[in-house]
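This report refers to the structure that appears directly beneath it.
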Amino acid sequence: MTVDSLGQICALLAALTWAVALLFFKRSGEQVPPMALNIFKNVIGLVLLAVTLALQRDGVQTLRSVPREDLYLLVISGFIGIALADTIFFYSLNLVGVGIVSIVDCLYSPSTIFFAWLLIGERLSPIQWIGAGLVLAGVLVSTRHEPPPNRTRAALVLGILLCGISVALMGLGIVLAKLVLQHFPLLWATTVRLLAGTAALALFITATPNRNTLWSIFRPSRAWTTAVPASILSTYVCLLLWVAGFKYTRASIAAVLNQTSTVFAIVLAAVVLKEKLTPRKIAALALAMSGVVMVFLG
């Protein structure tokens, strides 16, 4: 197996893992505020990564051999892609549900490819630009859905807008990390990003008036039945696979393969959460995924 093939397999497995985690996050979000859910999943991920590093006997001395500039880039990447993007994403998930979020999430691959072109010189072909336009068309069609129960049309549009912003931030964050991933140990790159995002989020929570409510997520409760598996899947299994995909193959290819999570998530949401698979949602998904395929072919 080539290194490139390994990266592509990791990207596909990350997509499947994320789709399953999304179902758990939807249930958790009904009981836990977005910011609390984000810090909770990050802490669990950090604990698991620390245990993994300890078992591999990969101590802090490993970081001493890498340039300081690489560490700074990973810290910035973690702040943008984890502290900001994930919190905004959970807000949008609560507003519009898994199905619509999965459609808007198709902006992820065009966003990542755009930042890869802008920051590391990966070129965009005309067919990729057309594909990105189809993704945008799919997102626009999704705004015409009926709002979820107890949500207004304005809440639907706000949720879609927030999801789009979060996805663009995720793309920017991982491309910044891509600049150093080629020569940075995978486990440590993942850990540094997550630690930076978690630290920034913890400072922000500490400064908010309702900090006691947010920190209460760490007291065992019924919410843990969905929050814990969601956190393990997303912030440990999926995050390692996601970063590995970007490390071992091109950013544009990894981003498009990650995008298959859209199909997995919509099907699982219809089967498990009983979200309606309406003709409009199917049309939006078809447009968005057609765009993703065109981006890939380009």
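Note on exposure: R250, R153 ranked by accessible area (1.4 Å probe, complete protein assembly) read R250, R153, with the most exposed listed first.
Consider all pairwise Cα distances in the range 1-139 and report the whole-number % of them above 28 Å.
The proportion of pairs with Cα distances above 28 Å equals 33 percent.
With a probe of 1.4 Å, find how much accessible area the range 1-76 has per residue, and write the answer as a whole number in Å².
Value returned for the range 1-76: 51 Å² of accessible area per residue.
Separation between the A270 and H183 pseudo-spin-labels, each 7 Å from Cα along Cα→Cβ, expressed in nm? Distance between the two pseudo-spin positions: 4.8 nm. Shown is the FRET efficiency for S65 and T225, computed with R0 = 35 Å from the Cβ-Cβ distance and rounded to the nearest 0.05: 0.25.
For the chain, the share of accessible area belonging to carbon and sulfur comes to 70 percent (1.4 Å probe, ligands and nucleic acids excluded).
For K276, a cut-off of 29 angstrom between C-alpha atoms picks up these lysines, skipping any fewer than 8 places away in its own chain: K26, K41.
E30 exposes around 120 Å² of accessible area when a 1.4 Å probe is run over every protein chain in place. Adding -39500 (n - 2.57) for every DSSP H run of four residues or longer, then dividing by how many residues the chain holds, sets the calculated 222 nm ellipticity at -25000 deg cm²/dmol. Modelled this way, with points 7 Å down the Cα-to-C-beta line, the labels at L203 and I130 are 4.7 nm from one another.
Taking all protein chains together and rolling a 1.4 Å probe, W117 ends up with roughly 110 Å² accessible. What share of Cα pairs, in percent, lie more than 12 angstrom apart in the range 171-224? When all Cα pairs of the range 171-224 are counted, 73 percent exceed 12 Å.
Of the residues A223, A168, A244, which exhibits the maximal mean-square fluctuation in a Gaussian network model of the chain defined by a 10 Å Cα contact cut-off? Maximum fluctuation in the GNM of the chain, among the listed residues, is at A223. Taking all protein chains as shown and a probe of 1.4 angstrom, R280 keeps an accessible surface of around 110 Å². A Förster distance of 25 Å, applied to the separation of the beta-carbon atoms of R151 and V293, puts the FRET efficiency at 0.20.
The values are calculated or read from the model by the stated rules, or taken from the named source; none is laboratory data. Only a predicted model underlies this, so the values are computations on that prediction, with no experimental measurement involved. A quick note on method: Cβ atoms are made from the backbone with ideal geometry, for glycine too, and the neighbour counts reach across all protein chains shown. Heavy atoms of the whole protein, side chains included, go into the accessibility calculation; ligands, DNA and RNA do not. Shrake-Rupley method; radii C 1.70, N 1.55, O 1.52, S 1.80 Å.
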